[in-house]
1. If you take the residues in the stretch 30-50 that are open to solvent by less than 40 Å² (accessible area, probe 1.4 Å) and out of contact with any Phe, Trp or Tyr (no Cβ under 7 Å at 6 or more places or on another chain), which one is modelled with the highest pLDDT?
2. Do you know which residues across the stretch 129-155 are touching a residue at least 60 places away in the same chain (Cβ under 8 Å) and on the phi > 0 side of the Ramachandran plot?
3. Out of all the residues in the stretch 90-111, which are free of Cβ contacts under 8 Å to residues at least 40 places away in the same chain and on the phi < 0 side of the Ramachandran plot?
4. With respect to Thr24, determine if the residue is hydroxyl-bearing (Ser, Thr, Tyr) and either part of a helix (DSSP H, G or I) or touching a His at 6+ places or on another chain (Cβ under 7 Å) (or both).
5. Mind checking which pairs have a first residue in the stretch 36-51 that is among the basic types (Lys, Arg) and a second that is in a helix (DSSP H, G or I), Cβ under 6 Å, 6 or more apart or different chains?
6. If we keep just the residues of the stretch 52-68 that are open to solvent by 80 Å² or more (accessible area, probe 1.4 Å) and assigned to a strand (DSSP E or B), which is farthest from Ala28 (Cα to Cα)?
7. Please go through the stretch 27-51 and give me each residue that is in contact with a Ser or Thr (Cβ under 7 Å, 6 or more places away or on another chain) and outside any helix (DSSP H, G or I), ordered by number.
8. If a residue must be in contact with a helix residue (DSSP H, G or I) (Cβ under 6 Å, 6 or more places away or on another chain) and open to solvent by 20 Å² or more (accessible area, probe 1.4 Å), how many such residues does the stretch 16-29 contain?
Amino acid sequence: MTVITVNSSKGRLSPEQRRRLAETLTDAVLVPEVGQFAPAARVGFQVHFTEREPDMMAIGGRLLADAGPGADAMVIDVTVMDGDWRQEVRAEVIERVLAAMADACGVPEPSPAWWVTFRVIDEGSWGSRGGVLSVLSLLDSGVFTEEKAAAVRAALGV
């Protein structure tokens, strides 16, 4: 289970850009998480787009509404279940998320004002379907590579 929240100023992303990001952000996290491109795993991902008025966001101590038309600030929050999230895997996710954002926004590289946060929810602290979920119950679903499933088990000490 993964939730990706894109926080931006109102109107920053068009509906077409959001459609593209719904897919590309999902895959930006899915591939490093399960170890392969697995379309069946997409059902466990949600992408949320949150827009704020330009006078409700600031960068460099100035409201975006006052900073001029070129002011741009976004925060993309990636929240994942506990698993194999070594530093190099987190770095890969962050780089893939920023690349997907740049591609969807039609710019050659991500803005320095786009920030990605990465949060891991401890095992046993995620719930759905009336109960607590565990990444361990997903390891035999066929979406994880054998190597990634072993790395998750090792990371969780099982």
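1. Val47
2. Gly142 - this is the single residue of the stretch 129-155 that is touching a residue at least 60 places away in the same chain (Cβ under 8 Å) and on the phi > 0 side of the Ramachandran plot.
3. Our first condition is that a residue be free of Cβ contacts under 8 Å to residues at least 40 places away in the same chain; within the stretch 90-111, this holds for 90-91, 94-95, 98, 102, 106-111.
Within the stretch 90-111, Arg90, Ala91, Ile94, Glu95, Leu98, Ala102, Val107, Pro108, Glu109, Pro110, Ser111 qualify.
4. yes
5. Every condition considered, the pairs that remain are Arg42/Thr26.
6. Arg62
7. Scanning the stretch 27-51 gives Gly35, Gln36, Phe45, Val47, His48, Thr50, Glu51.
8. Residues flagged as in contact with a helix residue (DSSP H, G or I) (Cβ under 6 Å, 6 or more places away or on another chain) and open to solvent by 20 Å² or more (accessible area, probe 1.4 Å) within the stretch 16-29 amount to 3.
The values are calculated or read from the model by the stated rules, or taken from the named source; none is laboratory data. This one's a predicted model, so the numbers in the text were calculated from it and none came from an experiment. Counting neighbours? That spans all protein chains shown, and the Cβs are built from the backbone with ideal geometry, glycine included. For accessibility, only protein heavy atoms count, side chains too; no ligands or nucleic acids. Shrake-Rupley method; radii C 1.70, N 1.55, O 1.52, S 1.80 Å.
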